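Some notes on the structure that comes next.
The values are calculated or read from the model by the stated rules, or taken from the named source; none is laboratory data. None of these values were measured; they are calculated from a predicted model. Heads up, the Cβs are rebuilt from the backbone with ideal geometry, glycines too, and the neighbour counts pull from every protein chain shown.
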Amino acid sequence: MYTGKIISKGKQYIIGWVKNENHKFPVRIQVISKNKNRVILDFLAQRQLKRDPGGKIGKYGFRVSVDRLIETGVKGEVLIQTADERFQFKPINLPSKISHKRQMNLNKRQINMPNIFLIGGQYSSGKTTFARELAKINKGVHLLSLDTLFKNDAFPSGVHQRILGYVNSPMFNKQDFVRLFFNEYLHTIPFNEVNTVIIEGWVLSHEFIRKKLTQVLMLYGNPVFMQLVDHKLRFRKQLFTKSHEENAKAFYEFYKKIRLEDLTKRTTYQFYSDLGQKTFNSNTAEKIKKAKMPTLKGKTILDIGCNAGYMSNTFARDKAKAVHGIDVRRISVSIASQYNNVFYQSPNVKFYHIDVYDFKPEEKIDIIYASSVFHYFREKQDYFFEHAHNIMSKNGLMVIEIELYEEKTDSPYTYKYKRGVDDSPCHFPNQKMLEKMIKGKFEVKSKELSVSQKGSKLNRYFFHLLKK
């Protein structure tokens, strides 16, 4: 037995709650389109509602976006019911149009974690020279000298000795120096547009200043501190004693080694074989071969569910005009951007923490690549093709990996099953269902067996779908 109530039927959201008789477990509910006679959404009602003074309802609420329903092509009435069909709310009439244009700002959804190097040390120890040499072996560098923060302190430019005496005197306020950096300089660093940020200055030898800057810069990347003494570089108990040019090259090789160790620990999927990583759950290098990607030169690519960015970073190095890697997991796009910034530094790839249905680029997409992700779209699989059709260029190509259900072939059918790693059943269509979903939007140009993958009980295929 169930109890429930629709609290609000506004222009933007349908809000309500539903409980079962024991109130111990959240209820799975479905949103059904009457005009299309199909399930649009399937999820657990486990939301804590704001309109719940005293917590009487508890975590049994739900909120459905009206705009999202309209975008999927739903018109007229929708039904909200429990998945077992034993409880149903009264039909709800949807508006005929979207209430407002919901367009996410892609720049705000971009995740880029550049290398950040802080270079401190003694006066006249070669910090500036070393910083310039380090900048030469990197691409997309923003170089900042902290000496510029003293330009308004009544000292002529470049008078280091007088400034040094001032900093070491009681007159110097470290807190104000840090505050000035945050107020005047932090916003000028283009963290999303560069691969490497280098900040140098002997004032970084002051522990308070260095720690405060590091704490904030950790929001933007992975700051590391190094120190120069008598033109020798110290970093993590390593001493580099050659020329500044040689030290910069030797340091960066050492830096790549420790970053690779760190990123390998944090990567759970899409390992980089070209960097010496060993895969154990997905042979990504072999998967690209099976995908049989067309020539990418001059093309704009969308990599859906980019994960650790192996495919996106590979496409970028294959001379694509622009590559957009997107994923709903923030940690994934963060790691993907770090692989690029540390090892490849391709300027033509960007990563975004965003849902594919919210991704609406200014420039049309020439090629969509989507592997190991289609089954997660569940009830939105047919809408995915509609959305992809809208954002693609004329004669655009979709390279998509689909886990096909091949036991039922005579009519459109979707097999649903819940794997151990999933919170709800994934959807696996047969070929007839796929053809039904792409009808009028795409045509099948090719179908090739993909690589087998741990945890998959069905065969996976790469389809090349040409936009109509």
Review point. So which pairs qualify, if the first residue must be in segment 48-60 and at pLDDT below 80, the second must be outside any loop (DSSP other than H, G, I, E, B) and surrounded by 10 or more Cβ atoms within 10 Å (Cβ to Cβ), the Cβ gap must be under 9 Å, and the two must be at least 6 apart or on different chains?
Key: Arg51/Ile7; Arg51/Ser8; Arg51/Ile15; Arg51/Gly61
Point to revise | Cross-chain or 6+ apart pairs with Cβ under 6 Å, segment 430-442 first and among the aromatic types (Phe, Trp, Tyr), then outside any helix (DSSP H, G or I) and surrounded by 19 or more Cβ atoms within 10 Å (Cβ to Cβ) | key: Phe442/Leu465; Phe442/Lys467
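Tell me which residues, restricted to segment 44-64, are surrounded by fewer than 14 Cβ atoms within 10 Å (Cβ to Cβ) and under 30 Å from the mean Cα position of the chain (by Cα). Give the derivation first.
The first filter runs over segment 44-64 and keeps only residues surrounded by fewer than 14 Cβ atoms within 10 Å (Cβ to Cβ), leaving 48, 50-51, 53-56.
Within segment 44-64, Gln48, Lys50 meet the criteria.
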Check your understanding: Within segment 360-377, how many residues turn out to be crowded, with 19+ Cβ neighbours inside 10 Å and touching a residue at least 60 places away in the same chain (Cβ under 8 Å)?
Key -> 9
Check your understanding: Which of the residues belonging to segment 169-196 are assigned to a helix (DSSP H, G or I), surrounded by 13 or more Cβ atoms within 10 Å (Cβ to Cβ) and touching a Leu at 6+ places or on another chain (Cβ under 8 Å)?
Key -> Phe177, Val178, Leu180, Phe181, Tyr185
Study note, to complete from the structure: Checked against (1) outside the structural domain of Leu449 (by TED's automatic domain parsing); (2) among the β-branched types (Val, Ile, Thr); (3) modelled with pLDDT of 95 or more, Thr284 satisfies every condition except (3)
Exercise for review: State which residue is modelled with the highest pLDDT when the search covers only segment 449-468 and only residues that are surrounded by fewer than 15 Cβ atoms within 10 Å (Cβ to Cβ) and among the charged types (D, E, K, R).
Suggested key: Lys468
Exercise for review: Look through segment 240-271, keep the residues that are modelled with pLDDT of 95 or more and not in a helix (DSSP H, G or I), and return whichever of them is nearest to the chain's Cα centre (by Cα).
Suggested key: Phe240
Study note, to complete from the structure: Residue set Lys249, Lys212, Lys237; condition more than 22 Å from Val141 (Cβ to Cβ), surrounded by 15 or more Cβ atoms within 10 Å (Cβ to Cβ) and among the charged types (D, E, K, R); output residue Lys212
Point to revise | Restricting segment 82-130 to residues that are among the hydroxyl-bearing types (Ser, Thr, Tyr) and either touching an Asp or Glu at 6+ places or on another chain (Cβ under 7 Å) or loosely packed, with under 15 Cβ neighbours inside 10 Å (or both), the residue that is modelled with the highest pLDDT | key: Thr128
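Out of Gly420, Gly440, Gly455, which single residue is within 25 Å of the chain's Cα centre (by Cα) and on the phi > 0 side of the Ramachandran plot?
Working: Gly420 fails: on the phi > 0 side of the Ramachandran plot; Gly440 fails: within 25 Å of the chain's Cα centre (by Cα).
So the residue among Gly420, Gly440, Gly455 that is within 25 Å of the chain's Cα centre (by Cα) and on the phi > 0 side of the Ramachandran plot is Gly455.
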Exercise for review: Kindly check whether there is at least one residue in segment 429-442 that is of a type outside the set (Lys, Arg), within 27 Å of Phe280 (Cβ to Cβ) and at pLDDT 95 or above.
Suggested key: no
Check your understanding: Among (1) outside any helix (DSSP H, G or I); (2) at pLDDT 90 or above, which single condition is Ser157 missing?
Key -> (2)
Review point. What residue, among those in segment 426-468 that are in a strand (DSSP E or B) and of a type in the set (A, V, I, L, M), is nearest to Tyr369 (Cα to Cα)?
Key: Leu465
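Go through Leu204, Leu233, Leu186, Leu213 for me and flag whichever is touching a residue at least 24 places away in the same chain (Cβ under 8 Å), touching a Pro at 6+ places or on another chain (Cβ under 8 Å) and not β-branched (Val, Ile, Thr).
Selected residue: Leu213, the only one of Leu204, Leu233, Leu186, Leu213 that is touching a residue at least 24 places away in the same chain (Cβ under 8 Å), touching a Pro at 6+ places or on another chain (Cβ under 8 Å) and not β-branched (Val, Ile, Thr).
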Exercise for review: Output the residues belonging to segment 1-41 that are without any contact (Cβ under 8 Å) to a residue 60 or more places away in the chain, among the small types (Gly, Ala, Ser) and not in a loop (DSSP other than H, G, I, E, B).
Suggested key: Ser8, Ser33
